[in-house]
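First the structure, in the form of structure tokens, and then the observations on it.
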Amino acid sequence: MHGLEIERFSTDNHLSLIFRIQTEALKSIHDFLHEMDLVQLMPVILSPITDPLTHPVHDVRISYLGQELQLTKSMIFHKQIAIATLGVKGIYIMSPNVRFELGALEESEKHLLEFTQLDIELQGATAPEFMLLMENLIIHVFSQVKESCEKELDVLDVDLCIPSKPFNVYNSWNLREKYGSDFGYKISMREKDPFWITDFEREFYDKEDPHRRGHYINYDLYFPEGFGEVLSGGERDYEYKILLRKIQERNQDPTHFEHYLEYAKQGLLVPSAGGGLGIERMIRFLTKKKLIKDITLFPKVPGTRIVL
Ligand code: AMP
Ligand code: MG
């Protein structure tokens with residue numbers, strides 16, 4: 001080990017405090033979702049299909065028995081199939097995601113190559129229903145952390161405010177008009193509490209508003225003080241014809257998604273709403289650490305060599 005890593009693992013740094021806070025936050029997430037009667041599933045790590053994302057990443061494929069597999073970028077397709085197949089009210093997964101983000105994100109302060117999503121999907125839910133569940137979850141987690149980690153927060157000099165419901169909601173089109181393309185960061189600097197931004201044009205599985213082409217029934221949860229986006233989600237499209245059209249509009253190859261599309265074709269997918277909350281992004285906010293690598297034990301920062 002050279003000096004940098006030794007310093008990182010010395011006993012007087014903040015990592016042990018941060019992981020006490022993380023442990024409390026994870027426990028309170030499980031307690032809350034258990035109380036809500038959601039079913040926890042194990043993560044999927046390898047699959048022929050994964051989230052196509054809306055931003056470019058380095059593509060990594062693993063060949064097994066002549067078949068091309070990918071590491072999970074998000075479990076969206078598996079969530080949609082699971083929620084349709086299991087006949088339960090809702091599911092959640094602590095889902096490891098690997099995204100070989102482009103090196104340009106090295107400076108972003110909030111991107112890792114490997115991170116964990118709390119991925120949730122609710123059968124038959126609407127966007128406001130999912131958003132309410134998340135507001136209750138955030139308030140519960142923040143309250144538990146504040147109560148149980150008083151000493152740790154004190155040493156880290158964090159004054160954790162418990163937000164109240166309902167969180168503010170902004171439309172992305174209005175924000176873009178007012179603040180320009182960097183609207184997310186700008187509004188995050190102005191807000192005092194977590195808030196929502198709705199209606200983003202993105203992946204084919206997010207529900208397009210049937211009455212307003214090009215508008216989407218989806219949302220991002222943002223944290224204030226410049227911490228920015230912590231969750232993305234939406235209501236989902238699930239009908240074969242709509243999914244196929246949207247895949248083609250994005251110049252993606254429908255045959256790549258054929259097993260998923262087969263579920264839709266047979267009418268087996270169901271309406272749902274959900275989202276994925278970045279655990280590291282939440283811990284970063286709870287501990288008020290600017291750099292995501294400072295709350296991660298073995299950080300993998302885009303554009304830098306991996307040490308451990
Ligand atoms: P997405 O649906 O792609 O927005 O991902 C859902 C959530 O995962 C985001 O809102 C972030 O909180 C988190 N996330 C996404 N990409 C990364 C990354 N490269 N590093 C850390 N967290 C991430
Ligand atoms: Mg997002």
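Determine which member of the set Met36, Met42 is in contact with a Leu (Cβ under 8 Å, 6 or more places away or on another chain) and either of a type outside the set (Phe, Trp, Tyr) or at pLDDT below 95 (or both).
Met36
Would you check if Leu244 is touching a residue at least 40 places away in the same chain (Cβ under 8 Å) and more than 30 Å from Phe195 (Cα to Cα)?
Criteria not met by Leu244.
Any idea which residue in region 217-238 is nearest to ligand 1 (Cβ to nearest atom), counting only those that are surrounded by 20 or more Cβ atoms within 10 Å (Cβ to Cβ), among the charged types (D, E, K, R) and assigned to a strand (DSSP E or B)?
Looking at residues that are surrounded by 20 or more Cβ atoms within 10 Å (Cβ to Cβ), among the charged types (D, E, K, R) and assigned to a strand (DSSP E or B), I get Asp220.
Do any residues in region 217-229 that are within 14 Å of ligand 2 (Cβ to nearest atom) have Cβ atoms under 6 Å from those of residues that are part of a loop (DSSP other than H, G, I, E, B), where the two are at least six apart or on different chains, and which pairs are they?
Short answer, once both residue conditions are applied: Asn218/Phe200; Phe223/Pro194.
Taking region 101-129 as the region of interest, how many residues are within 14 Å of ligand 1 (Cβ to nearest atom) and either acidic (Asp, Glu) or within 25 Å of Ile45 (Cα to Cα) (or both)?
19
Considering every residue within region 163-184, establish whether at least one is over 30 Å from Lys246 (Cα atoms), β-branched (Val, Ile, Thr) and modelled with pLDDT of 95 or more.
Checking region 163-184: not a single residue is over 30 Å from Lys246 (Cα atoms), β-branched (Val, Ile, Thr) and modelled with pLDDT of 95 or more.
Please work out which one of (1) over 26 Å from Val301 (Cβ atoms); (2) of a type outside the set (Gly, Ala, Ser); (3) in contact (Cβ under 8 Å) with a residue 40 or more places away in the chain is the condition Leu102 fails and give its number.
(1)
For region 198-216: of the residues being within 16 Å of ligand 1 (Cβ to nearest atom), more than 15 Å from the chain's Cα centre (by Cα) and acidic (Asp, Glu), which is farthest from Val230 (Cα to Cα)?
Glu201
Looking for whichever is modelled with pLDDT of 95 or more and within 21 Å of Pro271 (Cβ to Cβ) here; the options are Thr23, Thr72, Thr50, Thr85. Which one fits?
Thr85
Working only within region 158-207, note down all residues that are assigned to a loop (DSSP other than H, G, I, E, B), within 15 Å of ligand 2 (Cβ to nearest atom), surrounded by 18 or more Cβ atoms within 10 Å (Cβ to Cβ) and charged (D, E, K, R).
Hits for region 158-207 are Asp199, Glu203.
Find the strands (runs of 3 or more DSSP E) located wholly in region 56-100 whose residues include 3 or more that are within 15 Å of ligand 1 (Cβ to nearest atom), and list them.
Per the criteria, 90-98.
Could you list, in sequence order, all residues of region 52-76 that are within 19 Å of Ile93 (Cβ to Cβ) and either without any contact (Cβ under 8 Å) to a residue 40 or more places away in the chain or more than 14 Å from ligand 2 (Cβ to nearest atom) (or both)?
Leu69, Gln70, Leu71, Thr72, Lys73, Met75, listed by residue number.
Working only within region 30-47, note down all residues that are farther than 15 Å from Ser74 by Cβ and part of a loop (DSSP other than H, G, I, E, B).
Met36, Asp37, Leu38, Met42, listed by residue number.
Taking the stated definitions as given, is Ala264 among the small types (Gly, Ala, Ser), under 13 Å from Gln80 (Cα atoms) and in a helix (DSSP H, G or I)?
yes
Here is a yes/no grid of residues against (1) aromatic (Phe, Trp, Tyr); (2) surrounded by fewer than 22 Cβ atoms within 10 Å (Cβ to Cβ):
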residue	(1), (2)
Lys89	no, yes
Tyr92	yes, no
Ser108	no, yes
Gln117	no, no
Gly124	no, yes
Ala127	no, yes
Ile139	no, yes
Gln144	no, yes
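Filter region 253-296 for residues that are of a type in the set (S, T, N, Q) and surrounded by fewer than 14 Cβ atoms within 10 Å (Cβ to Cβ); which is farthest from ligand 2 (Cβ to nearest atom)?
Gln266
The values are calculated or read from the model by the stated rules, or taken from the named source; none is laboratory data. The structure displayed is predicted, hence computed values, not measured ones. FYI the Cβ positions are ideal-geometry reconstructions off the backbone, even for glycines, and counts take in every protein chain you see.
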